[in-house]
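FYI, it's all coordinate maths here, none of it is from the lab. Keep in mind that this is a model prediction, so the values were computed, not measured. Ideal geometry is used to build each Cβ from the backbone, glycine not excepted, and the neighbour counts take in all protein chains shown.
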Amino acid sequence: MKILQYLFINTRYLILFTYMAGINECCYLPNKTISPAQTCGYDFSQTLRMGFQKKQATASFATQAALIDLAVWQPLLNEPDLDKRIFMTNVVFDNRTGLFGFTIGEAPTLTVGGGDDSTTGGNEIIIGSKDSPVSAMLHSLHPSVITWFRSFLNCPNQLTVYLFGADGSIVANTQNGRYGGFDFVGTFLGSKQSQNKSQAERDMNPMTGLFPFGWDETMYKTPATTFALTMTNA
């Protein structure tokens, strides 16, 4: 019995050591799960701007190179057809509530069972996840843009969004080899607010919506650009 216990303990340590030896020291993930292109971190920078576009049958950007080409963006920013135009907005920190201009919250899991007789042994089973809640404070919106946003209240699954980071990067959604905005569902744009504390204060409209579960599996972040934080609609 002592020999068996010795073998079990040492085998367990051997398995643990073998598993730890297979860990990437930088990413803390098993080597086999790491994409050849994966670096130690894949985070988008603090989001300072959001670009909104009606959902397109074919994503607007054909390649990664097109995403960082201002000449490709400009026609989309000035497109006369509002169903194709990308509307640029800026986000602002809300001093009254302490809320950041843009946040993605935790997506609650959906479960069954747990302490009852609905599952074997009363164990809780995770069956899925709800969508990720998104909130933003958009500043200095023109009334016509506010009207455009609110038109999607009757078409809740037709709005998409691009994110623009403080480092000049653009975060987009990969769609069948092309690149477009992330689906932004259940959106609501609140009424304009003003703190009226100084001449430097900006009016702001609170916006809420949802990123569908799995949105982060298709995200693509561009290298830094020189125009992401300055380009505007005509």
Worksheet item: Rounded, prolate or oblate: which fits the range 133-234 when a ≥ b ≥ c are the square roots of the eigenvalues of the alpha-carbon gyration tensor, with rounded for a/c under 1.5 and prolate only if a/b beats b/c?
Response: oblate
Discussion item. With bins 5 Å wide starting at 0, give me the P(r) of the range 44-221 over every alpha carbon pair, in whole percents.
Written reply: 1, 7, 14, 19, 18, 15, 9, 6, 4, 3, 2, 1, 0
Worksheet item: Please identify the trypsin sites (Lys or Arg not before Pro) of the range 136-234 that satisfy two criteria: DSSP loop assignment and at most 15 other Cβ atoms within 10 Å. Which are they?
Response: Lys192, Lys197, Arg202
Response to the item:
If amide H atoms are modeled at 1.01 Å from N in the peptide plane, then the residues at a separation of 5 or more from Thr111, or on another chain, having amide H under 5 Å from its own are Ile127
